[in-house]
Structures are given as structure tokens and as C-alpha cells.
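Data block below; observations after.
The values are calculated or read from the model by the stated rules, or taken from the named source; none is laboratory data. Source: prediction; values computed, not measured. Because the Cβ atoms are built from the backbone with ideal geometry, glycine has one as well, and the counts that use them run over all protein chains shown.
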Amino acid sequence: MPSPSSPDQLTVHEALTRAHAHWNAGQADQAEQWCQRVLAAWPGQADALHLLGLMAHAYGNLDLAISHLRQACQAPRAPAVYSSNLAEMCRQKGLLAEGEEAARRAVALDPALESGWNNLGIVLQEAGKFEESRTCLERVVALRPDWAEARNNLGNTCRRLGHLDLAETHYRQALALNPDYAEAYSNLAFLLSTQGQHDAAVRAAQQAIDLSPRLVDAYLNLADAQISRHRYEAALRALDMLHAFAPQHPAALVASAKALRQLERLDDALGFARQAVALAPSSAEAHLTVAVVLQSLGHTDDALVAFAKAAELPGAVAQDALVGRASLLMEAGRKDAALAAFAHALEVFPDSVSALAGRVDARKLQPGDADIAALEACVEDGERRALTDRITARFALGKAYMDIGEPVRAFAHLDEGNRLKRASLDYDSAATGQWMACIAQAFAAERYAALPRATEPSELPVFVVGMPRSGTTLIEQIVSSHPQVTGAGELSALRLSIENGGHFPDGVSTMTVEDAGRIGQDYLRRIMPLARGHARLVDKMPANFLYAGLIPLILPRARIIHARRNAVDTCLSCYTKLFGGDQRFTYNQTELGQFYGYYRKLMAHWCGVLSPDRFIEIDYESVVDDLEGEARRLIDFLGLPWDAACLNFHDNPRVVRTASVNQVRQPIYRTSKGRWREYEDHLGPLLAALGGEVR
């Protein structure tokens, strides 16, 4: 049909053909001129508007692109693909309702339109309508089995539905169809990380980066996998590469905050997290990260506000925010409020394993408790659940069945939970034993007195060391109830300061007085903001027993308290607890018993070289039998006057952020003494590894 006023007397079709030719040749200005000629002659012509929309989108002008596509779709005979493209642009803009409407219109106009079903599936995915999304994307795959992008999109939806086995299958099929598909590698990396396959996740993320060096999600997934492997410096290096070309990307700032928090660079972490909130005030993930960092800083009330804000915002982290808030209330000793918060989380997310596990851990269960059945249902889901959910459910059920006196069921779940957790970790028991032997050798008794010592006069640090679950939290709670003492919880500060100071223990042989002083000063710099004017600060990281011989060299006035407990009771308590930190030796009974042997041997060495005015040992059982006598002994060791508040440690309002949070909110009780004998039939590998050590 001739255009009524075209100066060249071209048909619309001919003019549009020229426009497309110029566009395909990279001549955008000429293409736009031909489209404008068509619109001047035929206002509202759908094909010209559609091409202008595609051009605007290609040049990053999303608002103009959507405006052109909206007009194009209003034409009476506009092709279905125009509505499909409008749907995708609306999705990118966050206009999910309009995008869904446009996509549904597209597939209604042309039920065989693959791109229409694909775009509808993606819009529904982002809107949280995962079952509908899956139906749409499965239709796309049926219509076009060789479309890698559709397979990748279907994998994303399956992952959000919790069908992780199907998600992995679809990602790998996408890569089989297109081996250079960077986005599929990146998504596979994220999935593998959630399944505990962190090394494979790192490889997949790096492959994505190699294929597409500016793919933001690939760097984020690489950082996430490195954080999961506790390689925080490596995570920061990945994020530095991302910051180089996307310095204001909110997700990158959030990831940096998470890594910095693990390195206990809390002020830096808070700065990154707040910068992310400023750039993306509607990001639930950014608000959640602020909450977690504030929690680590001990700013409980501010953290609770940030958790609540994160829970209010749309996004996938609302569940984490609700559970995080409930857990913080529990740490702060507000048990009734915590249980109400867990209940609220389960009202919003009835399928939440973390909320169920948190509520189970917070109270003593009775037979027939509904949470047990709910957790059993989670276990029955098998690999459709994320690995973390499966492990968490197993440990929670172990605790639940111990509560109600069913040890056979309890250990069936605990053994499987420990097996799954152990399979996700790298740990070499023999190498650990050799390393501890090297530590003792580096601090041999015959030359210990001649090792260089710093001159630092500070008496602030008090280290409570020992095995996990040996009573370290109880001791910290008792002494921190004294008005001149503050408890800082389990800090990584000493390990980080020592690692910054050089190789340990090899570097001890060449360490100078100045080197020792630098390490001590670095440690004090890290903990000083937590002291808040108190005369003593308790650092109760149990694993600091490894450094007990170095502490007097770098901090000569520091004190060390070794918490001891019956060997089997200690190991049983470790085996039944899913730790938040890095306790890799606890998830296999034989390795756990071996580690205890290494630890006892090293502690016996320290007893032979450390000065009794700076090092004492406290038995958990003695504290239980004679609280006042042992409490007075502790306070005298700290060089402080006695205060009766130490006997009412369970009333101490401080936040307790360890696996023993429930126990230290109660007065002294004796039921944990000799507890292992009730479960002796289930502890064969542990008892064999411990040998005769059952003290």
C-alpha cells in the first residue's frame, strides 16, 4: 500500500525494509529516520513503533522503549511478538503486572509463540508465581527442545520451587545445547553452592566470568561460593573485580559487607551495607545485611528494626529476616518474644525449615509436638530440598527426639545429618593432629622462657579456651556478670591478628619482640571498640587454645581460662549440634574423638609451660557442684573484687551468640553431667576413638 505522503513514493513495507537494513548494518540514525518517515505518513504504524522501541532498548532507554511498544501494541492487527517484547521490557523495568498482562495477550494471540511463553514464564517467576511459571516454561521446552535459554529459565524456576535436582538437570541441558552460555554457568554455580558443592561452584562461576567478563551475577556467585568455603579474602578479590566496572552495584556492596563481617571488619561491613541501602532502599537483601552486621556489633535494638524492615520488603529474603529477628530475640534472652517471632515466621512461611528448627531449639518438646511431623515431612522431600535445609531438619529432629526420650530415632537423624554435613566439608584428621604436634614443638618447654615477649601492659583481654560445648559460654556468662567485665563472645580477632603477623607456628622461631608487639597491638585494636570502658573483655573463642602458648608472648598481661568437661559429654554435645561456625571435626564420631585426643595432648603441653598466674583450668562439673567457690576463684584470677552478681549469671541481659544460648539463661542444673551414658549404645565410634579418655 503506497504511503499517502511519502516523498520517495515508497510503500510502507519498502520504507521499513530500508529501516531494518540500516539497523542491522549498525546505522541507527538512518534506521530511525526511515521509521520517522513512516510515522509521519502513517501515525501509529505498529511496525515502525516496534522497531523504534527495539532501538531505544538497545541503547538503554527503557522508558522510551516501553512507550513505543505500548503504542505499537495498540494497533488492531499488531503481531503477538510485539506484546511479548513489551512484556520483557516491562519485566526489566519492574512493571510485573503490566508485563504479565502483555505476555498473556501475546500467547492468546499466538499459542505457538515460543518467545511469548518464555517471557510469560520469566515474568511469573519474578512475580513469585512459580508453579504457573514452570508450566509456561515447560511448554516452551516442548515447543522448542533445542532452546538453551528456555532450559536455563526453567532451571531458575525449578530452583525457586525447591526442585534442585530438576534445576541442575535443566542448567546442564542448557550448557549441552550452548557450551558458551555464561548465564547458565553462573546459575549452576549458585545452585551448586546451595548444595554444598563449593569447589564445583567456584569452577562454574569462574567459567561464566571467562565467557562473559562483565556478567555481574557470575562475580556475585563466585564470591558467595568463596564465602561458603570460608575463603573471605578470595571473595573480596572477586568482588574487587566486579567493583572495577560496577562500583555502585548494590548486590556487590552487600556481598562485600558479608565477607567483611566474617573477617570482623565490622565498621567497614556496616559502611558497605548502608551504602547498598542508600542506593537501593527497596532492597530487602541490603536491609537484612545491615541487620546482621548491627547484630554482630551488639546493636540489638537497631538490628531488630533492620530485620523488621527487610521482612516487610518484597523479595526472597523475607524468610531469613523473620527467622533472623526471632533468633536475635532469643540471643537477647527475650524467649517469649522469640517464640512469638518464630510463630509469625511460620505463619508467613509455613514450609520454613530454619524457622521450625529455631523454634525446636528454643524449647523442650513433648511427644506429639506438631513441629516434629513438619520436620519429618521436610526430610521426606529428599533432594528437592536444599542441602542446608536437609541438614538443618536432621539436627532439629535429633534434638526433638532426644527431648521426648526416643534415642534410636534421634541418632538415626543425627547420624544422617552429620554424614551430610561432613560430606560437604574438607577436613583431614591426621593433618590436624600433625599440625597440633608442630605447635607444641614450636613452643617446646626447654626454650619457651627464651622466646621474645612484647612489653604491652594491657590487662584487658581474658581468653576462655577449650573444646566447643565444654562450658566456655557458662564461664563467660559468670564472669561477664561482674560490672567490670564485658563478654564479647566468640571472636576471630586473635586468629586474624596472628595470620596477619606471619606463618604460625613456623614463624615463632624467627619472631622478634617488635613482631610480638605488633601482633598484640593488632589484636587490641580489633577488640578495643567492644570493651566500652570495662576493665576486662572476655574473648571466648574456644579454638584459641591453639594459640595459648603465643598469647603470653604478644599480650603478657592477658589471662587464659581453660574450660574442661567430661570428654564424652563434650563430644556428644558437639555431635548433636549443627554449628554456625567452622567446626569441621565434629561431624564424624571417629574424627571427633581423634580431635579431642589432639586437643588434650596440646593442652597438657600448655599446662607445663604457662604461668599459673596467667593460666587456670576450670572444670564444668566443679562449677555445677560449687558455683560460688568456682566463681570466686575466677574473679580472683581476673584480679577483681568479688561481686555477687556473678552467681545470678542467668539474669545477665547481655546478648549470647553461641550454641549454648538456651542453657546460660537458666540457673545451674546437673542433668548434663554424665549425660552420655544414656546414649552409650549410639556412641561406639566415638568411644573407640577416645579410648580410655572418658573423664
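Can you find even one residue in the range 408-429 that is of a type in the set (D, E, K, R), in a loop (DSSP other than H, G, I, E, B), under 20 Å from the mean Cα position of the chain (by Cα) and surrounded by 14 or more Cβ atoms within 10 Å (Cβ to Cβ)?
The first filter runs over the range 408-429 and keeps only residues of a type in the set (D, E, K, R), leaving 409, 415-416, 419, 421-422, 426, 428.
Still in the running and in a loop (DSSP other than H, G, I, E, B): 426, 428.
Then drop every residue that is not under 20 Å from the mean Cα position of the chain (by Cα), which leaves 426.
Subset that is surrounded by 14 or more Cβ atoms within 10 Å (Cβ to Cβ): none.
No - not one qualifying residue is present in the range 408-429.
Mind listing whichever residues of the range 340-361 are within 21 Å of the chain's Cα centre (by Cα) and among the small types (Gly, Ala, Ser)?
Within the range 340-361, 341, 345, 352, 354, 355, 357, 358 qualify.
Collect the residues in the range 234-283 that are within 21 Å of residue 194 (Cα to Cα) and modelled with pLDDT under 90, keeping them in residue-number order.
Selection gives 251, 262.
Looking at the range 362-385, I want the residues that are assigned by TED's automatic domain parsing to the domain that holds residue 398 and without any contact (Cβ under 8 Å) to a residue 60 or more places away in the chain and have a partner that is hydrophobic (A, V, I, L, M, F, W, C) and part of a loop (DSSP other than H, G, I, E, B) with Cβ atoms under 9 Å, at least 6 apart or on another chain. Which pairs are those?
365/404; 366/404; 367/404; 368/404; 369/404; 371/365; 372/365; 372/404
Table: residues versus (1) under 14 Å from the mean Cα position of the chain (by Cα); (2) part of a loop (DSSP other than H, G, I, E, B); (3) hydrophobic (A, V, I, L, M, F, W, C).
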position: 214; (1), (2), (3): no, yes, no
position: 222; (1), (2), (3): yes, no, yes
position: 230; (1), (2), (3): yes, yes, no
position: 236; (1), (2), (3): no, no, yes
position: 244; (1), (2), (3): no, no, yes
position: 259; (1), (2), (3): yes, no, yes
position: 271; (1), (2), (3): no, no, no
position: 274; (1), (2), (3): no, no, no
position: 308; (1), (2), (3): no, no, yes
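State yes or no: is residue 456 surrounded by 17 or more Cβ atoms within 10 Å (Cβ to Cβ) and part of a loop (DSSP other than H, G, I, E, B)?
Numbers: surrounded by 17 or more Cβ atoms within 10 Å (Cβ to Cβ): yes; part of a loop (DSSP other than H, G, I, E, B): yes.
Criteria met by residue 456.
For the range 410-436, how many residues are within 21 Å of residue 608 (Cα to Cα) and without any contact (Cβ under 8 Å) to a residue 60 or more places away in the chain? Give the steps one after another, and end with the answer.
Step one: of the range 410-436, the residues within 21 Å of residue 608 (Cα to Cα) are 433-436.
Next cut, without any contact (Cβ under 8 Å) to a residue 60 or more places away in the chain only: 434-435.
Final tally of qualifying residues: 2.
Is there any pair with a first residue in the range 231-260 that is over 16 Å from residue 285 (Cβ atoms) and a second that is among the charged types (D, E, K, R) and not in a helix (DSSP H, G or I) whose Cβ atoms are under 7 Å apart and which are 6 or more apart or on different chains, and what are they?
245/214
Out of everything in the range 386-440 that is modelled with pLDDT under 95 and of a type in the set (Lys, Arg), what residue ends up being farthest from residue 591 (Cα to Cα)?
So the residue we want is 390.
Write out, first by first residue and then by second, each pair whose Cβ atoms fall under 6 Å of each other, whose residues are 6+ apart or on separate chains, and whose first residue, in the range 172-188, is basic (Lys, Arg) while the second is part of a helix (DSSP H, G or I).
none
Do you know which residues across the range 574-602 are assigned to a helix (DSSP H, G or I), out of contact with any helix residue (DSSP H, G or I) (no Cβ under 6 Å at 6 or more places or on another chain) and surrounded by fewer than 21 Cβ atoms within 10 Å (Cβ to Cβ)?
Those that are assigned to a helix (DSSP H, G or I), out of contact with any helix residue (DSSP H, G or I) (no Cβ under 6 Å at 6 or more places or on another chain) and surrounded by fewer than 21 Cβ atoms within 10 Å (Cβ to Cβ): 584, 597, 600, 601.
Does residue 374 satisfy the criteria of being farther than 25 Å from residue 592 by Cα and crowded, with 17+ Cβ neighbours inside 10 Å? Explain how you work it out, then say what you get.
Details: farther than 25 Å from residue 592 by Cα: yes; crowded, with 17+ Cβ neighbours inside 10 Å: yes.
Yes; evaluated as a whole, the condition is true for this residue.
Take the residues in the range 70-94 that are among the hydrophobic types (A, V, I, L, M, F, W, C) and buried (at least 18 other Cβ atoms within 10 Å of the Cβ); name whichever of them is nearest to residue 154 (Cα to Cα). Outline the logic, then answer.
Step one: list which residues in the range 70-94 are among the hydrophobic types (A, V, I, L, M, F, W, C), which gives 72-73, 75, 78, 80-81, 86-87, 89-90.
Restricting the remaining residues to those that are buried (at least 18 other Cβ atoms within 10 Å of the Cβ) gives 72-73, 78, 80, 86-87, 89-90.
Numbers: 72: 29, 73: 27, 78: 28, 80: 22, 86: 21, 87: 18, 89: 19, 90: 20 Å.
The residue in question is 87.
Going through 631, 604, 645 one at a time, which residue ends up being in contact with a Cys (Cβ under 6 Å, 6 or more places away or on another chain) and either without any contact (Cβ under 8 Å) to a residue 12 or more places away in the chain or aliphatic (A, V, I, L, M) (or both)? It would help to see each step written out before you state the result.
Details: 604 fails: in contact with a Cys (Cβ under 6 Å, 6 or more places away or on another chain); 645 fails: in contact with a Cys (Cβ under 6 Å, 6 or more places away or on another chain).
When all the criteria are applied, what remains is 631.
Of everything in the range 103-161 that's of a type in the set (Asp, Glu) and under 20 Å from residue 79 (Cβ atoms), which residue is surrounded by the fewest Cβ atoms within 10 Å (Cβ to Cβ)? Even if it seems obvious, please write down each step before you answer.
Initial filter on the range 103-161 (of a type in the set (Asp, Glu)): 110, 114, 126, 131-132, 138, 146, 149.
Right, trim to under 20 Å from residue 79 (Cβ atoms) and you get 110, 114.
Numbers: 110: 16, 114: 19.
In this case the residue turns out to be 110.
State which residue pairs qualify: first residue in the same structural domain as residue 626 (by TED's automatic domain parsing) and closer than 24 Å to residue 643 by Cβ and inside the range 475-500, second residue of a type in the set (D, E, K, R) and assigned to a helix (DSSP H, G or I) in any location, beta carbons under 6 Å apart, and separation of 6 or more residues or different chains.
487/476
If I ask for residues that are closer than 17 Å to residue 69 by Cβ and among the charged types (D, E, K, R), which ones from the range 93-128 would you list?
93, 98, 100, 101, 104, 105, 110
Taking the range 376-407, which residues are of a type in the set (Gly, Ala, Ser), in a helix (DSSP H, G or I) and closer than 22 Å to residue 320 by Cβ?
Of all residues in the range 376-407, those of a type in the set (Gly, Ala, Ser) come to 377, 382, 386, 393, 396, 398, 400, 405.
Right, trim to in a helix (DSSP H, G or I) and you get 377, 382, 393, 396, 398, 400.
Scanning the range 376-407 gives 377, 393, 396.
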